[in-house]
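Let me begin by presenting the structure, written as structure tokens, before commenting on it.
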Amino acid sequence: MLPTEAVLYYKDRPVEFVKDIIGVTPDDIQGEILDSVANNQLTSVRSGHGIGKSALQSWLIYWFMCTRPFPKIPCTAPTKHQLHDILWAEVAKWRTKAIQSEIEWTQEKLYMKSNPENWFAVPRTATQPDALQRISRRSFVIHYR
């Protein structure tokens, strides 16, 4: 787990988290989106194919998991293909060495090893009735479209 000082530093600085922990520099648009998510309750992005939105969403999932205690993050998409073959595969791709010691990825769940029942992200198609049930204030919703 990140030291408390790092968690406090990165909590409102997702761009710096992505640079320092994920090891990649977001482009200007990705940086704007990352900052918007940090500063707003709702961020919606309309975009085309191949611009890096699944990578961006993966970075956001890791940022939120590493800077908020006990989040429950439902990750949704309209189809199983979009969810598992694109978004969830991208989540697996960005699980860097800095993250691997603390966070485990499986086909069904991304979770903090120290508390898998209460600190996780899960892929759910938007057609699953329980996809967004029991969302708490500590939740962060990712919807891939």
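Laboratory data are not the source of any read-out in this text; all were calculated from the coordinates shown. Quantities reported herein were computed from a predicted structural model and do not represent experimental measurements. Methodologically, a virtual Cβ is constructed for each residue, glycine included, from the backbone with ideal geometry; neighbour enumeration extends over all protein chains shown.
Rounded, prolate or oblate: which fits region 4-143, taking a ≥ b ≥ c as square roots of the Cα gyration tensor eigenvalues, rounded meaning a/c under 1.5, else prolate when a/b beats b/c? Note, shape of region 4-143 comes out rounded.
In sequence order, region 2-19 has phi-based couplings of 5, x, 3, 4, 5, 4, 5, 5, 7, 3, 10, 10, x, 5, 5, 4, 4, 5 Hz under the Karplus curve 6.51 cos²θ - 1.76 cosθ + 1.60, θ = phi - 60°, and Gly or Pro positions carry x.
Reported to two decimal places, what Rg/Rh ratio describes region 1-86 when computed on Cα atoms with Rh from the Kirkwood expression? Numbers along the way, then the final one.
On the way: Rg = 13.2 Å, Rh = 13.8 Å.
A ratio of 0.96.
Which semi-axis lengths, in whole Å and largest first, follow from the square roots of five times the eigenvalues of the Cα gyration tensor of region 65-124? Each step should come with its number before you reach the end.
Working: eigenvalues 76, 36, 14 Å².
Value: 20, 13, 8 Å, ordered largest first.
Here's how it looks for ARG124: its modeled amide H is under 5 Å from those of CYS75, THR76, ALA77, which are all 5 or more places away or on a different chain. Counting neighbouring Cβ atoms within 10 Å and putting the fewest first, the residues LEU60, LEU2 line up as LEU2, LEU60.
Please report the antiparallel percentage of the DSSP beta bridges confined to region 4-143, to the nearest 5. The antiparallel fraction comes to roughly 40 percent. Among TYR111, TYR9, sorting on how many other beta-carbon atoms sit within 10 Å of each Cβ, with the fewest leading, yields TYR9, TYR111.
Report, in debye and to the nearest 20, how large the dipole of region 4-143 comes out about its Cα centre when Lys and Arg carry +1 and Asp and Glu carry -1 on their Cβ.
Working: 17 positive and 15 negative charges, 80 e Å.
My answer is approximately 380 debye.
Once the chain from THR96 to VAL45 is taken as fully extended at 0.36 nm per residue, the excess over their C-alpha distance is 15.8 nm.
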